[in-house]
Each structure stands twice: as C-alpha cells, then as structure tokens.
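Participant: Take a look at the following structure, please.
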Amino acid sequence: MSNPERRMFGLVGHPVGHSVSPAMHSAAFRAHQLPHIYSAFDVPTAAELARFVDDIRSGLIAGANVTIPHKRAVMSLVDEVDSSAEDVGVANVLCASASRRVTAHNTDVIALRDELALLLGSAPPRGDDAAGPRGPSPSPRQRAVIIGAGGAAFAAIAACKMLGYHLISITTRSWTSTEVMLESPAGQRASELGALTAPWPIPSDRAVSSKSSAALRLNWTEFTVAADLIVQATSAGMVGGPPGDEVTSIIPWDSLSPGVCLYDVVYNPPVTPFLRLARERGLRAADGLGMLVGQAAQSFTLWTGLPAPVDVMRAAAEDSLRKATGGR
C-alpha cells in the first residue's frame, strides 16, 4: 500500500494560542502513521475566515476545526451543511469532499452530551448508538441553566434536550435588557432551540430598566437555585479570554442545590474560577477537556474515515496542558 499524501488540517478561531488541538491531532496522525499536519490559525476577522474557507475549497487545507468566535458565521460560508450542524445552527468541523465542496458539521453536541451524562451519572451507550439522535435513556431531570449564547451554548441546549431536560434557561452578558434579548439573533435562535431566555442577572450601568427585565432576572436566579445542572458555555476564565468573574458573579453559590452538577466548557486552565468556587462547596463539577477530546475524535474520523485513537488523543491533550501550566 502506497504512503498517503500529506495533508494540512487546522484549527481556525481567535484566540487559538491556548489550544491543545495541534498536539492532540498530531498524536492521532502519528498513531495511524499518517503524514498529515495540524496547525492552529489565528483568524480574527470575517474576511479572513472567508479566505480560510476558500483555502479548504482550493485544496490547500484538507479540513478544519472551528472555534470561537466563528462557529455561527462559518455556516454561511460553506457549500453544504450537515444535519448535525443545521439542527443546532452552529458548526465546529469543516470537511472537503473529493469535488472540493466544503461541508460544515457539528461534533460538539454529541461530545458534550456524553460528558454531561457521565457527570450526571448516566453514561450514554457506546458504539453506533453514541452518535445517533436517540442518545442515552435519561433519568428524570428538571432544570438546566446555560451561561452564554455562542456555539458552545447552542450545543449545550441540544445536549440537555437529549438528556431529557425540558426546562432549560439561558442568559448571556450582552442581553442587558428584555428588549435587547428579544431582538438578538442569538436570543431568537436559543428560543427556537427550546430554551427560556433571560437578561443578564446583574444589570449593568447601561442596562435598560424595565419591569419585565427585573422580573426575568429574578426568575433566572430562582430557576438557578433549583437547577440540576449549570453549564458555563463562554470563554470566561479561559487563557486569553475574559475574566472568570464575569460568570461567577451571577451564580447564587450559597443557595444552590447540593445535588447540582456544574460543567465548564473551558479546559485551559484546568481549574477556572467557576470550577474553583463549585469545588470549594463540594459540588460535582467537571472541566471541558472531555468535550474537547470527544469532538476532536469525531473530527478525526470525519476527515480520515479511521477510528480515532481516543486514549492517545486525551493523553496528548493532558500532556500539552501540563507543559502549558508548568506541570501544575
């Protein structure tokens, strides 16, 4: 059998300096003795993102992962949208066909669903069923809270629905009032996905004061106190991202249910302010490394048609994180 042609894959987003994806995918390629290359591409603007997609279409790049802030914007730049991305409205994987048509996929939803199921204590089925729309057979659950309104947050809404949550509340810092929230494309999309939207619980100096905004803020806090699950789905606390106290300040920490589970999609650093405060109170909490590995494993298979070496990928990600944090 002839040696496969070397191909270039990559991560596109801004910022990308914190990412362990190059180490993880490079290890996966080595495990299968593939000569491929994986690099991180810092792409801050929409124009640069469009050129990057054109590079995939031209054959210069064979495929890519997409991270913040481009998971929604990239949907309008591709030739085809797989149902996995169409259903949730965001994409995190780009694949090129033999005819060089670019297709957008979403592997975040299944990866996050699996991680949340493990955190909640009901692991999903493995094998073919793990990637299907049926998902695990959940135990009865009531309320999930999601912080953020980007690609990870939309994936969290879909994952929570798969896990049996019927009441899902979502808020984000840019929703300074009910009016802003209702006019926001992200707010409208969250509602379409079945989530209850709420203005940011702590009004800023520029927030428009209204009775409806005040009532929804109060309702969000009461909802959170009774929640079974809280998902931090922003870049707050991430290396190179905004401060973590942006999200920790809105959580009624001392009033949370002792049985609540908390998940932070951030994986670098391994302990964010959100996770630190959760663990100080003895609450069950997990970081986003498992989600990262899970979505990357699916990406690898989409690009190569080969089974992903998941253990190798996770070990490479953990090693890269240890080096980045000086062994901490």
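The values are calculated or read from the model by the stated rules, or taken from the named source; none is laboratory data. Note that the structure is a prediction, hence the values are computed from the model and not measured. All Cβ positions, even for glycine, are placed from backbone atoms using ideal geometry, and neighbour counts span all protein chains on display. These accessible areas exclude ligands, DNA and RNA; they are computed on the full protein's heavy atoms, side chains included. Shrake-Rupley method; radii C 1.70, N 1.55, O 1.52, S 1.80 Å.
Participant: Give the residues of region 20-35 that are open to solvent by 20 Å² or more (accessible area, probe 1.4 Å) and not in a helix (DSSP H, G or I), sorted by residue number. Lay out the reasoning, then the answer.
Facilitator: Within region 20-35, the subset open to solvent by 20 Å² or more (accessible area, probe 1.4 Å) is 22-23, 26, 30-35.
Of everything in region 20-35, those that are open to solvent by 20 Å² or more (accessible area, probe 1.4 Å) and not in a helix (DSSP H, G or I) turn out to be H32, Q33, L34, P35.
Participant: Do we find that T176 is free of Cβ contacts under 8 Å to residues at least 40 places away in the same chain, under 16 Å from I250 (Cβ atoms) and either open to solvent by 10 Å² or more (accessible area, probe 1.4 Å) or out of contact with any strand residue (DSSP E or B) (no Cβ under 6 Å at 6 or more places or on another chain) (or both) in this structure?
Facilitator: Working: free of Cβ contacts under 8 Å to residues at least 40 places away in the same chain: yes; under 16 Å from I250 (Cβ atoms): yes; either open to solvent by 10 Å² or more (accessible area, probe 1.4 Å) or out of contact with any strand residue (DSSP E or B) (no Cβ under 6 Å at 6 or more places or on another chain) (or both): yes.
Considered against the rule, which asks whether it is free of Cβ contacts under 8 Å to residues at least 40 places away in the same chain, under 16 Å from I250 (Cβ atoms) and either open to solvent by 10 Å² or more (accessible area, probe 1.4 Å) or out of contact with any strand residue (DSSP E or B) (no Cβ under 6 Å at 6 or more places or on another chain) (or both), T176 comes out as yes.
Participant: Residues in region 260-274: is at least one part of a loop (DSSP other than H, G, I, E, B), within 30 Å of M313 (Cβ to Cβ) and aromatic (F, W, Y)?
Facilitator: Yes: one or more hits.
Okay, residues lined up against (1) open to solvent by 30 Å² or more (accessible area, probe 1.4 Å); (2) in contact with a Gly (Cβ under 6 Å, 6 or more places away or on another chain); (3) at pLDDT below 95; (4) acidic (D, E):
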{"position": "I168", "(1), (2), (3), (4)": "no, no, no, no"}
{"position": "Q188", "(1), (2), (3), (4)": "yes, no, no, no"}
{"position": "P199", "(1), (2), (3), (4)": "no, no, yes, no"}
{"position": "D205", "(1), (2), (3), (4)": "yes, no, yes, yes"}
{"position": "V208", "(1), (2), (3), (4)": "yes, no, yes, no"}
{"position": "A233", "(1), (2), (3), (4)": "no, yes, no, no"}
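Participant: If you don't mind, there's one more thing I want to ask. Restricting to region 52-69, what's the tally of residues that are open to solvent by less than 40 Å² (accessible area, probe 1.4 Å) and part of a helix (DSSP H, G or I)?
Facilitator: The number of residues fulfilling the criteria is 3.
Participant: Find the residue count for region 70-100, including only residues that are in a loop (DSSP other than H, G, I, E, B) and either more than 21 Å from A47 (Cβ to Cβ) or open to solvent by 60 Å² or more (accessible area, probe 1.4 Å) (or both). Please lay out each step first, then the result.
Facilitator: To start, the set of residues in region 70-100 that are in a loop (DSSP other than H, G, I, E, B) comprises 70-72, 77-79, 82, 87-92, 97-100.
With either more than 21 Å from A47 (Cβ to Cβ) or open to solvent by 60 Å² or more (accessible area, probe 1.4 Å) (or both) added as a condition, the list becomes 72, 82, 87-89, 97-100.
The total comes to 9.
Here's the yes/no breakdown for (1) open to solvent by 50 Å² or more (accessible area, probe 1.4 Å); (2) closer than 23 Å to I202 by Cβ; (3) modelled with pLDDT of 95 or more; (4) aromatic (F, W, Y):
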{"site": "G244", "(1), (2), (3), (4)": "no, yes, no, no"}
{"site": "D264", "(1), (2), (3), (4)": "no, yes, yes, no"}
{"site": "R276", "(1), (2), (3), (4)": "yes, yes, yes, no"}
{"site": "G288", "(1), (2), (3), (4)": "no, no, yes, no"}
{"site": "V293", "(1), (2), (3), (4)": "no, no, yes, no"}
{"site": "Q298", "(1), (2), (3), (4)": "yes, no, yes, no"}
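Participant: Here's another thing I want to ask about it. Checking L302 against (1) surrounded by 20 or more Cβ atoms within 10 Å (Cβ to Cβ); (2) touching a Cys at 6+ places or on another chain (Cβ under 9 Å), only one condition comes out false. Which one?
Facilitator: (1)
Participant: Answer yes or no as to whether G288 is within 20 Å of A236 (Cβ to Cβ) and under 16 Å from the mean Cα position of the chain (by Cα).
Facilitator: So G288 passes the test.
Participant: Pairs needed: first member in region 95-115, on the phi > 0 side of the Ramachandran plot and without any contact (Cβ under 8 Å) to a residue 60 or more places away in the chain; second member anywhere, open to solvent by 10 Å² or more (accessible area, probe 1.4 Å) and of a type in the set (G, A, S); C-beta distance under 9 Å; at least 6 residues apart or different chains.
Facilitator: R100/S58; R100/G59
Participant: List every residue pair whose Cβ atoms sit under 6 Å apart, with the two residues 6 or more apart in sequence or on different chains, where the first one lies in region 26-53 and is in contact (Cβ under 8 Å) with a residue 12 or more places away in the chain and the second, anywhere, is polar (S, T, N, Q) and not in a helix (DSSP H, G or I).
Facilitator: Pairs found: A40/S19.
Participant: Consider only pairs whose beta carbons are under 6 Å apart and that are at least six residues apart or on different chains; among these, list those whose first residue lies in region 227-242 and is closer than 16 Å to V16 by Cβ and among the hydrophobic types (A, V, I, L, M, F, W, C) and whose second residue is modelled with pLDDT of 95 or more and open to solvent by less than 30 Å² (accessible area, probe 1.4 Å).
Facilitator: Listed by first residue and then by second, the contacts come to M238/V266.
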